[in-house]
Amino acid sequence: MRHPPVHLLKQMNIFIIKSFMILFLSSVTVRVNLCSPNTPSLNTLPLEGHFNFHEVQHAARDFGNRYQFLPMAILHPKTVSDIATLVKHIWDIGPRSELTAAARGHGHSLQGQSQAHRGVVINMESLKGPEIQVYAGNFPYADVSGGELWINILHESLKYGLAPKSWTDYLHLTVGGTLSNAGISGQAFRHGPRSAMSASWKLLQIVTCSEKQNDDLFHGVLGGLGQFGIITRARILLEAAPARVKWIRVLYSDFAAFTRDQEHLISGEHTFNYVEGFVIINRSGLLNSWRSSFNPKDPVQASQFKSDGRTLFCLEMAKYFNQDKIDIINQEVDKSLSELSYIPSTLFESEVTYTDFLDRVHISEMKLRSKDLWDVPHPWLNLLIPKSKIHTFARGVFGNIQTETSNGPILIYPVNRSKWDNRTSVVIPEEHIFYLVAFLTSAVPSSTGTDGLEHILIQNKRILEFCETANLGVKQYLPHYTKQEDWQAHFGPHWEKFVQRKSTYDPLAILAPGQRIFQKAIPFSSQSPSSIK
């Protein structure tokens with residue numbers, strides 16, 4: 001029997017990802033032949049877990065709710081060895097098979113990235129192994145499964161008075177999927193992306209990757225879109241956790257003042273722990289909608305503020321603290337606010353627990369689920385925009401394209417490039433400061449209006465076309481392309497390195513087929529870009 005080269009076998013120590021393909025959920029029914037020639041061979045594999053060949057429909061959907069590709073089977077692994085056995089089996093079949101494998105965590109990909117058409121989807125949440133292990137001390141960390149949810153890591157680490165240093169805005173995601181994409185939130189300006197807070201991976205119980213061990217693979221997997229392996233375990237760096245959070249929102253009508261204040265805050269050491277912003281277009285009753293959880297600093301002034309028919313920009317800030325430091329914290333908050341140029345009547349404050357702040361999006365999720373508005377199409381568009389181009393972007397998009405109330409938040413906030421490791425696979429703008437702009441829209445099923453899927457997709461296309469025409473140097477976060485030239489343009493000077501890593505760690509393109517970057521069973525070489533799809 002043929003065996004994969006040693007370097008690939010080591011990689012089968014498992015790393016994680018997302019994936020995607022092209023089919024329209026609302027208008028296409030997909031069927032797959034469950035009597036595939038590969039089925040008997042999978043049935044004979046020695047596993048502690050099991051395959052499911054019949055109930056596979058849920059693995060053909062994701063949070064994006066726009067694409068549906070039925071896998072041949074779902075693997076429910078109990079051990080890392082189960083995943084390794086599957087990957088080695090696909091390798092041994094060789095180029096004659098179309099079989100591929102996609103790791104799926106909580107299924108939060110947007111465009112089918114965690115699906116595997118006629119392949120095998122690996123349910124990472126089934127992976128059994130040691131529970132979350134928290135190690136306190138001078139350099140605390142948590143050792144966790146790649147299929148573990150961040151919310152569970154938070155609850156477990158808090159038992160020791162600890163917590164991860166940086167977060168995503170939504171905690172009900174798996175570790176492996178997040179690290180494979182980077183993970184950005186309002187803490188990224190200080191700590192970098194979520195992937196920067198991980199010390200090492202376990203790749204199949206055979207190989208551990210870190211900055212000192214197998215460093216090329218370690219950095220390649222970070223933000224590598226699952227192309228180089230499946231993360232089975234990760235070591236997450238921790239720090240002392242605060243108990244409380246001062247949560248503040250203010251409004252701007254002037255975009256220049258809004259961005260100037262954001263950039264000022266992310267450059268200081270004692271400003272806030274979290275800085276985000278969002279765009280509000282023609283939304284009435286704005287401040288009233290905050291009153292249930294925020295208190296106006298001046299209720300009289302706030303009651304006189306009118307938001308109707310205006311494009312406003314909200315700056316959202318958070319300061320972490322423990323009660324014994326409350327006086328110092330209040331002084332620091334007051335000082336930071338005194339340096340900003342927001343509309344005075346729009347200062348709203350709240351004080352919540354650290355857990356409630358971090359898990360705030362989940363509360364919104366529960367409300368949407370109760371109204372059957374969660375499992376709808378999510379045609380999100382996430383862009384990374386150089387600081388020097390953000391005003392051009394705002395004039396073109398918020399002034400001419402996105403002129404109506406968005407059916408979902410529009411986030412906009414800056415991050416420091418110096419906090420990102422340029423050795424990883426994540427592609428970001430070259431400038432020292434760049435902005436994340438995220439159009440997190442939800443489409444109303446069957447709607448033909450401005451809240452319908454077709455209209456939102458047209459808006460997204462217009463935004464991307466404007467960015468290209470205006471030569472803004474924009475990079476997509478959670479990128480989605482279907483053509484080789486588009487992927488090559490996305491990676492730019494990093495393309496050859498990305499191809500070389502694929503050739504080294506997954507030369508048959510077994511992993512992450514839904515990304516549609518590499519074609520199955522074709523040898524890859526940086527000297528042979530024509531072999532890329």
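Are there any GluC sites (Glu not before Pro) in region 396-476 that are in a DSSP loop and have at most 13 other Cβ atoms within 10 Å? List them by number. Write out the running numbers ahead of the final one.
Working: sites: GLU404, GLU430, GLU431, GLU454, GLU465, GLU468; in loops: GLU404, GLU430, GLU431.
Here the GluC sites (Glu not before Pro) that fit, given the DSSP loop and packing criteria, are GLU404, GLU430.
Hull surface divided by four, with the convex hull built on the Cα atoms of region 244-476: how many nm²? Display every interim value, and only then the final one.
Numbers: hull surface 55.6 nm².
With the hull built on Cα positions only, its mean projection is 13.9 nm².
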Q: Name the long-range amide H neighbours of ILE122: under 5 Å, sequence gap of 5 or more, or other chain; modelled H, no Pro or chain starts.
A: LEU75, ALA102, ALA103, ARG104
Q. What net charge do the residues around PHE398 carry, taking every other residue with its C-beta under 15 Å from that of PHE398, with Lys and Arg at +1 and Asp and Glu at -1?
A. +3
Q. Of TYR135, GLY146, ALA103, which is farthest along the charge dipole of region 91-159 in the positive direction, counting Lys and Arg as +1 and Asp and Glu as -1 at C-beta?
A. ALA103
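Report the full-extension gain for the segment ILE151 to LYS212: residue separation times 0.36 nm, less the Cα-Cα distance, to one decimal in nm. Provide the component values of the computation, followed by the final result.
Values: separation 61, 0.36 × 61 = 21.96 nm, distance 2.88 nm.
Full-extension gain reported as 19.1 nm.
Give me Rg/Rg_expected for region 133-241, where Rg uses Cα atoms only and Rg_expected = 2.2 N^0.38 Å with N residues. Please report the intermediate quantities before stating the final value.
Values: Rg = 12.8 Å, N = 109, 2.2 N^0.38 = 13.1 Å.
In units of the globular-protein estimate, region 133-241 measures up at 0.98.
Please work out the Cα convex hull volume for the chain and give it in Å³ per residue.
Details: hull volume 78.0 nm³, N = 533.
Enclosed volume per residue, from the Cα hull, is 146 Å³.
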Q: Output ³J(HN,Hα) for region 303-319: one whole-Hz value per residue in order, computed from phi by the Karplus curve 6.51 cos²θ - 1.76 cosθ + 1.60 with θ = phi - 60°, and x for Gly and Pro.
A: 5, 8, 7, 10, 10, 4, x, 10, 9, 10, 10, 9, 9, 10, 9, 9, 10
(Q) What are the equivalent ellipsoid semi-axes of region 214-323, built from the alpha-carbon gyration tensor (square roots of five times its eigenvalues), in whole angstrom, biggest first? (A) 37, 19, 15
**Q.** In order through region 95-110: 3J(HN,Hα) via Karplus (6.51 cos²θ - 1.76 cosθ + 1.60), integer Hz, x for Gly, Pro
**A.** x, 6, 9, 8, 5, 9, 9, 10, 7, 10, x, 8, x, 9, 5, 9
Q. So which of LYS212/LYS325; LYS159/LYS367; LYS128/LYS520 end up more than 31 Å apart by C-alpha?
A. LYS212/LYS325
Q. Tell me, what ³J(HN,Hα) does each residue in region 417-423 have, in order and in whole Hz, if you take phi through Karplus 6.51 cos²θ - 1.76 cosθ + 1.60 with θ = phi - 60° and put x for Gly and Pro?
A. 4, 5, 8, 9, 8, 6, 8
Q: Could you tell me how many degrees, from 0 to 90 and to the nearest 10, lie between the Cα long axis of helix 80-93 and the main elongation axis, the longest principal axis, of the Cα atoms of the chain?
A: 50
Q) Stretch VAL376-GLU404 to full length: gain in nm at 0.36 nm per residue minus the Cα-Cα span? A) 8.0 nm
Q.
Suppose we keep just the DSSP beta bridges with both residues in the chain; what percent of those would be antiparallel, to 5?
A. 90
Q) Measuring from a point 7 Å past the Cα of ASP254 along Cα-to-C-beta, which residues in region 338-372 have an amide N at less than 18 Å? A) 338-347
Q: Of the listed pairs LYS246/LYS306; LYS297/LYS335; LYS389/LYS483; LYS246/LYS297, which have alpha-carbon separations greater than 18 Å here?
A: LYS246/LYS306; LYS389/LYS483
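What percent do you get for the relative contact order of the chain when only Cα pairs under 8 Å and 6+ apart count? Mind dumping the intermediate values first?
Details: 1220 pairs, mean separation 93.2, N = 533.
The normalised contact order for the chain reaches 17 percent.
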Q | Average Cα contact separation per residue, region 110-182, under 8 Å, 6 or more apart, as relative contact order % | A | 25
Q: With +1 on each Lys and Arg Cβ and -1 on each Asp and Glu Cβ, and nothing else charged, work out how big the dipole of region 133-241 is about its Cα centre, in Debye to the nearest 20.
A: 100
(Q) Tell me the relative contact order for region 244-476 as a rounded percent, counting alpha carbon contacts under 8 Å between residues six or more apart. (A) 26
Q | Charge-dipole axis of the chain as Lys and Arg at +1 and Asp and Glu at -1 on Cβ define it, positive-most pick from GLY285, TRP380, LEU42 | A | LEU42
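Ignoring ligands, DNA and RNA, please state the percent of accessible area on the chain from carbon and sulfur, probe 1.4 Å. The partial results should precede the final answer.
Values: 11170 of 22180 Å².
Here carbon and sulfur together make up 50 percent of the probe-accessible area.
The values are calculated or read from the model by the stated rules, or taken from the named source; none is laboratory data. Computed from a prediction, not measured in an experiment: that's the story for all the values here. Virtual Cβ from ideal backbone geometry, glycine too; neighbours counted across all protein chains shown. The accessibility values were calculated without ligands, DNA or RNA, using every heavy atom of the protein model including side chains. Shrake-Rupley method; radii C 1.70, N 1.55, O 1.52, S 1.80 Å.
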